[in-house]
Amino acid sequence: MTETNFWLFLAAALVIAAIPGPGIFYVAARTLSEGRASGFASTAGTALGGLVHVVAGSLGISAIILASAELFAAVKFVGALYLVWLGIRTFRSAGRTLQLKNEPVGDKRAFRDGVLVEALNPKTAAFFLAFIPQFLDPASSNPTLQFIVLGAISVTLNTLADVVVVLIASATRTQLIGRPHLMRRLTQGSGLFIAGLGLSLALARRPAQG
């Protein structure tokens, strides 16, 4: 990869990481409803889920899924249903949020949820396959390695943005922790928001090919 291409990629990736997207909203909602530890666990999970897409994209698996209407729809609806289920579960647990905060088992579950939410999002696969190839050096003898390196950098930047959001959301939650009624409403709102992300994913269209 040329030095110019690398710096152009880094600048673009920084801008994209700073723009609020579904991943940022998801970890913010988990942090507001369950606390900082759950937010960090969710962030680690979405990072691993993002790396799954990077590896899959480098191997061509994501391209196969995006090229098949049936496979794209299957992955999309599984991911959407999982998000809706998470949202409903969060909404229903609103009355128990204060008792469950910082529970280790909950943090492990938040990590698992983060991995699945990101790995089952075909829109992430579409982003990597549309964005990264623009910066690859076609004359390189190892474009797969280039794809993995740039993808890992992109995931790292996105994760750093998520960490900042977790810290901000956690500070907001701390200010409200002594007000059970507001905390319950906040948790319910977070659940509805997560479910809404699932519905928006369900409505996502397969990117046009060619």
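The values are calculated or read from the model by the stated rules, or taken from the named source; none is laboratory data. From a predicted model like this one, the values you see are computed outputs, not experimental measurements. Reconstructed Cβ throughout: ideal geometry from the backbone, glycine too, with neighbour counts over all protein chains shown.
General observations
- Candidates E70, E34 - the one that is surrounded by 15 or more Cβ atoms within 10 Å (Cβ to Cβ), of a type in the set (D, E) and more than 22 Å from L157 (Cβ to Cβ): E34
- Residues of segment 117-143 that are of a type in the set (S, T, N, Q), surrounded by 15 or more Cβ atoms within 10 Å (Cβ to Cβ) and in a helix (DSSP H, G or I): T124 alone.
Conditions (1) modelled with pLDDT of 80 or more; (2) over 14 Å from P122 (Cα atoms), marked per residue:
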{"site": "N5", "(1), (2)": "no, yes"}
{"site": "L10", "(1), (2)": "yes, yes"}
{"site": "A28", "(1), (2)": "yes, yes"}
{"site": "T31", "(1), (2)": "yes, yes"}
{"site": "S38", "(1), (2)": "yes, yes"}
{"site": "T43", "(1), (2)": "yes, yes"}
{"site": "G57", "(1), (2)": "yes, no"}
{"site": "L71", "(1), (2)": "no, no"}
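- Residue in segment 72-84 that is among the hydrophobic types (A, V, I, L, M, F, W, C) and closer than 25 Å to L150 by Cβ present: yes
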